[in-house]
Amino acid sequence: MIRKTRLFTPGPTPLLPAAQFAMAAADIHHRTVEFRALYQRVLDQLKEFVGTRQDVLLMACSGTGAMEASVSNLTSPGDRVLVLSAGKFGERWRDIAKAFGCQVDVVNAPYGETFLLDDVRNALKPDTRAVLMQATETSTGVRHDVEGVAELLKESKSGALLVVDAITGLGTTHLDVDGWGVDVIIGGSQKAVMIPPGLAYLSLSDRAWAAVETSKSPRYYFDLRKERKNAQKGESSYTPAVALVAALGASLDFIASQGGGDLAAGRKALVENAETCAAMTRAAVEALGLKLFAPESPAAAATAVYAPEGLDSGVIVKDLKTRFAAIVTNGQGEMKGKIFRIAHIGLFDYMDTIALIGALEQVAASTLKIPGFEFGKALAAAQNVYAERTGAKKPVAEGALAAR
């Protein structure tokens, strides 16, 4: 049979066709009236997508660049920061903060788990300048309690800024940035907005902007004051990724269309889509007899699954790619070879999810040799979840597909 390559990875994600067309047509100079109009429109749309009244800045870099910009613009060497770490990207916050000379306290949780709010409360100190965390930890498929941490900081009256890497959280998790009191929120282009890597965006609260003015860390390309000043004129400080900006505009238009022309409603629909695909996948995995890696706090961005005991998860990743051109990802860091991850960010839908589950059943039958395996059992479990979440009247009986 022919094979059609499908990405099921948590970044890069599948590209929106309209965004690809916009990139192909983006033959435009960045210091022109035409580009300024496009750039300003995209910045305004990003405010709606993020869900904030604050300015959103757009930078030609990966999400890690925006993480670095947050640290370099908000802190000075010697400042104390608290990192909440439960995976590779929490560890990245730790390493960036250390690189800029911060005193770094860390609340660690094991891979596959989230941290306890009491541990965060106990780790806060009177001179903690900022708390750095993820909304979702992509490396483990875990969702963190951003609202809970934000409320804790309000109660503690510590004055610490809350900085959230929502690179995979935006578009997969409901976030009330202004209402909760998130001071910095970060997104990336290769995730829910369905365009290639190369852009990062972030928004700062008034408290964060005040901190920017007192920071003594060195910065040049990532000077957010300069970027904000130029953005108000519809320009970037340096050469922008013109084609990606055009693609982002097309993607945000598409997301708005999913909400009847309302970008905030489209964002909510995008999140609900990810939640549904993730719930279908979790049900299917458990119906196969496989074990979820993060059952207590699962993210909608990606589902992490243990490989059967004694089997390297790379075998599953390779089998899905070789036989079905379905690209999923291995574990990262200490979990490499132990788990595989299936993404639900952006342009994944019901049909993609059913196709991946069908392929996973084939792998389970021929490669995993799971005792008691039956074709259709995982698909039926996913169908039931979809029916329940979308209000369908006739859920599929488990085993019905296998009996046909």
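Examine the stretch 245-261 for a residue that is of a type in the set (A, V, I, L, M, F, W, C) and not in a helix (DSSP H, G or I), and state whether such a residue exists. No: the stretch 245-261 contains no residue that is of a type in the set (A, V, I, L, M, F, W, C) and not in a helix (DSSP H, G or I).
Against the criterion of being more than 16 Å from the chain's Cα centre (by Cα) and either of a type outside the set (S, T, N, Q) or in a loop (DSSP other than H, G, I, E, B) (or both), residue 239 qualifies. Evaluating residue 45 against the criteria (1) more than 22 Å from residue 190 (Cα to Cα); (2) of a type in the set (S, T, N, Q); (3) in contact with a helix residue (DSSP H, G or I) (Cβ under 7 Å, 6 or more places away or on another chain) leaves one unmet condition, (1).
For the stretch 298-327, filtered to residues that are in a loop (DSSP other than H, G, I, E, B) and over 17 Å from residue 88 (Cβ atoms), the residue that is nearest to the chain's Cα centre (by Cα) is 300.
Tell me, which helices (runs of 4 or more DSSP H) wholly within the stretch 1-96 include 1 or more residues that are among the charged types (D, E, K, R) and under 30 Å from residue 126 (Cβ atoms)?
By residue number, 63-74.
Can residue 88 be described as within 20 Å of the chain's Cα centre (by Cα) and more than 17 Å from residue 162 (Cβ to Cβ)? Judged against the criteria, residue 88 is a match.
Any idea which of 59, 23 is out of contact with any strand residue (DSSP E or B) (no Cβ under 7 Å at 6 or more places or on another chain), at pLDDT 95 or above and buried (at least 16 other Cβ atoms within 10 Å of the Cβ)?
Selected residue: 23, the only one of 59, 23 that is out of contact with any strand residue (DSSP E or B) (no Cβ under 7 Å at 6 or more places or on another chain), at pLDDT 95 or above and buried (at least 16 other Cβ atoms within 10 Å of the Cβ).
Residues in the stretch 1-23 that are hydrophobic (A, V, I, L, M, F, W, C) and either in contact (Cβ under 8 Å) with a residue 60 or more places away in the chain or closer than 30 Å to residue 139 by Cα (or both): 7, 8, 15, 16, 18, 19, 21, 22, 23. Only one of the numbered conditions (1) on the phi > 0 side of the Ramachandran plot; (2) within 17 Å of the chain's Cα centre (by Cα) is violated by residue 78, and that is (2).
The rows are residues; the columns are (1) closer than 18 Å to residue 149 by Cβ; (2) assigned by TED's automatic domain parsing to the domain that holds residue 292; (3) of a type in the set (Ser, Thr, Tyr).
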{"residue": "78", "(1), (2), (3)": "no, no, no"}
{"residue": "85", "(1), (2), (3)": "yes, no, yes"}
{"residue": "89", "(1), (2), (3)": "yes, no, no"}
{"residue": "101", "(1), (2), (3)": "no, no, no"}
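Residue by residue, here is whether (1) among the charged types (D, E, K, R); (2) buried (at least 18 other Cβ atoms within 10 Å of the Cβ) holds:
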{"position": "258", "(1), (2)": "no, no"}
{"position": "267", "(1), (2)": "yes, yes"}
{"position": "302", "(1), (2)": "no, yes"}
{"position": "305", "(1), (2)": "no, yes"}
{"position": "309", "(1), (2)": "yes, no"}
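Against the test of being farther than 26 Å from residue 197 by Cβ and assigned to a loop (DSSP other than H, G, I, E, B), the options 139, 158 yield a single qualifying residue, 158.
Do we have residue 278 as within 27 Å of residue 4 (Cα to Cα), assigned to a helix (DSSP H, G or I) and touching a strand residue (DSSP E or B) at 6+ places or on another chain (Cβ under 6 Å) here?
Values: within 27 Å of residue 4 (Cα to Cα): yes; assigned to a helix (DSSP H, G or I): yes; touching a strand residue (DSSP E or B) at 6+ places or on another chain (Cβ under 6 Å): yes.
It is true that residue 278 is within 27 Å of residue 4 (Cα to Cα), assigned to a helix (DSSP H, G or I) and touching a strand residue (DSSP E or B) at 6+ places or on another chain (Cβ under 6 Å).
Quick grid of which residues meet (1) more than 30 Å from residue 256 (Cβ to Cβ); (2) modelled with pLDDT of 95 or more; (3) among the aliphatic types (A, V, I, L, M); (4) surrounded by fewer than 23 Cβ atoms within 10 Å (Cβ to Cβ):
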position	(1), (2), (3), (4)
283	yes, yes, yes, yes
290	yes, yes, yes, yes
312	yes, yes, no, yes
322	yes, yes, no, yes
335	yes, no, yes, yes
340	yes, yes, no, no
350	no, yes, no, yes
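Scanning for something out of contact with any helix residue (DSSP H, G or I) (no Cβ under 8 Å at 6 or more places or on another chain) and either closer than 15 Å to residue 13 by Cα or charged (D, E, K, R) (or both), does the stretch 254-267 turn up at least one residue? No, the stretch 254-267 contains no residue that is out of contact with any helix residue (DSSP H, G or I) (no Cβ under 8 Å at 6 or more places or on another chain) and either closer than 15 Å to residue 13 by Cα or charged (D, E, K, R) (or both).
Quick one: would you say residue 294 is in contact (Cβ under 8 Å) with a residue 12 or more places away in the chain and more than 22 Å from residue 110 (Cα to Cα)? Judged against the criteria, residue 294 is not a match. Being in contact with a Cys (Cβ under 6 Å, 6 or more places away or on another chain), touching a residue at least 12 places away in the same chain (Cβ under 8 Å) and either of a type outside the set (Lys, Arg) or within 22 Å of residue 173 (Cβ to Cβ) (or both): is that true of residue 64 here? Against the criterion (in contact with a Cys (Cβ under 6 Å, 6 or more places away or on another chain), touching a residue at least 12 places away in the same chain (Cβ under 8 Å) and either of a type outside the set (Lys, Arg) or within 22 Å of residue 173 (Cβ to Cβ) (or both)), residue 64 does not qualify.
The values are calculated or read from the model by the stated rules, or taken from the named source; none is laboratory data. This one's a predicted model, so the numbers in the text were calculated from it and none came from an experiment. Using ideal geometry, Cβ is built from the backbone for each residue, glycine included, and neighbour counts are taken over all protein chains shown.
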